[in-house]
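See below for the structure under consideration.
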Amino acid sequence: MLRLKNINTYYGKVHALKNVSLHLAEGEIVTLIGANGAGKTTILNTISGVTQAKGGEVLFGKEPIQALAPDRIVRLGVSQVPEGRQVFKPMTVADNLMLGAYLRYRNGDDKGAIKKDMQEIFTLFPRLEERREQAAGTMSGGEQQMLAIGRALMARPRLLLLDEPSMGLAPLVVQEIFKVLRQLRDERGVTILLVEQNAKAALRLADRGYVLETGKVILEGAAGELLENAEVKRAYLGKE
Ligand code: ATP
């Protein structure tokens, strides 16, 4: 479904991605793990069109998307949940969700379908329904993360890109959110690319993973294998 081929990205003189190649099959959950500054966010931003690569190719299905504007990429079925959630804090939960469907409005998608999708998001995250008229900024970190995911889902993505959804959240909340991610894949076939510092939780959820170090993929494999890999254990999994 998605393939990155030899992506090279620079920020000025910083060579942030060095010949990165990776792929996701339809319906897979794949995780990118790596230390701060390894290039994980840059990979997500390259896919969503926020950051332009200097060289290489990004294929979504058979279509090269590396030169497309971000809104075109959203229309093709790719939604990103940014690091730090970035919900619109003064706006209500319901209005934040409606913003996620903005491009569908512009396309003339009917309001009934959009309302129905919002209802489905409330089924996934009942806490959002209880708080639908609450200002997003007054919600807990976990609730804001749920809202950020819900907002991305309102665009009806086939591929969901998530940037550190567990950041700053209590383990139980992380479990709750990861359970919904699994449900999205199992029940709706959404393909998921998950960037995480919480490597253990991410590898337990994912089918496969890539390990990044200073802009390079240094290791890839089945999630179960990476969980058992001595190097991964030492560098990313910590002590049990
Ligand atoms: P983190 O876990 O801290 O978010 P990351 O793995 O997502 O890290 P990136 O944010 O992709 O890493 O950054 C990769 C490298 O590119 C880092 O060295 C970072 O300092 C640099 N970088 C990222 N964005 C910019 C920018 N806008 N301008 C200059 N350098 C940048």
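Taken together, the values in this text are just the output of simple stated rules run on the coordinates, not laboratory data. Nothing here was measured: the structure is a model prediction, and the numbers come from that model. In this analysis, Cβ positions are derived from the backbone assuming ideal geometry, glycine residues included, and neighbour counts consider all displayed protein chains.
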Could you derive backbone 3J(HN,Hα) for the stretch 199-215 from the dihedral phi with the Karplus parameters 6.51, -1.76 and 1.60 (θ = phi - 60°), listing whole Hz in sequence and x where the residue is Gly or Pro? 5, 5, 4, 5, 6, 6, 7, 7, 7, 9, x, 10, 10, 10, 9, 5, x
Using only Cα atoms, tell me the angle between helix 111-124 and the longest principal axis of the chain; keep it within 0 to 90° and round to the nearest 10. 60 degrees
Express as a percent, rounded to the nearest 5, the fraction of DSSP beta bridges in the chain (both residues included) that run antiparallel. 50 percent
The ³J(HN,Hα) series, computed from each phi in the stretch 73-85 with the Karplus coefficients 6.51, -1.76 and 1.60 at θ = phi - 60°, rounded to the nearest Hz and given as x for glycine or proline, is 5, 4, 4, 6, x, 10, 10, 10, 9, x, 4, x, 6
For the stretch 178-231, what value does the Rg/Rh ratio take when both radii are computed over Cα atoms and Rh is the Kirkwood radius, given to two decimals? 0.99
Helix 141-153 axis, angle to the chain major axis (alpha carbon atoms, nearest 10°): 90 degrees
Taking every Cα atom in the chain, find the radius of gyration and the maximum pairwise distance Dmax, and write them in Å. 17.5, 53
Surrounding net charge for GLU57, when Lys and Arg each add one and Asp and Glu each subtract one, Cβ distance under 15 Å: +3
If we count every other residue with Cβ under 12 angstrom of GLY221's Cβ, Lys/Arg +1 and Asp/Glu -1, where does the sum land? -4
If you take every residue apart from ILE7 with its C-beta less than 10 Å away from the C-beta of ILE7, what net charge results, scoring Lys and Arg +1 and Asp and Glu -1? +2
Cα-based Rg (one decimal) and Dmax (whole number) for the stretch 140-188, in Å? 10.6, 28
Tilt, helix 171-188 to longest principal axis of the chain (alpha-carbon atoms), in degrees rounded to tens, equals 80 degrees
Kirkwood radius from Cα pairs of the stretch 27-88 plugged into Stokes-Einstein at 25 °C, 0.890 mPa s, gives D in µm²/s equal to 191 µm²/s
Candidate lysines - alpha carbon under 24 Å from LYS216, same-chain residues fewer than 8 apart omitted: LYS5, LYS13, LYS18, LYS40, LYS54, LYS200, LYS233
Find the eigenvalues of the gyration tensor of the Cα atoms of the stretch 18-157, then list the square roots of 5 times those eigenvalues as equivalent ellipsoid semi-axes, largest first, in whole angstrom. 28, 19, 13
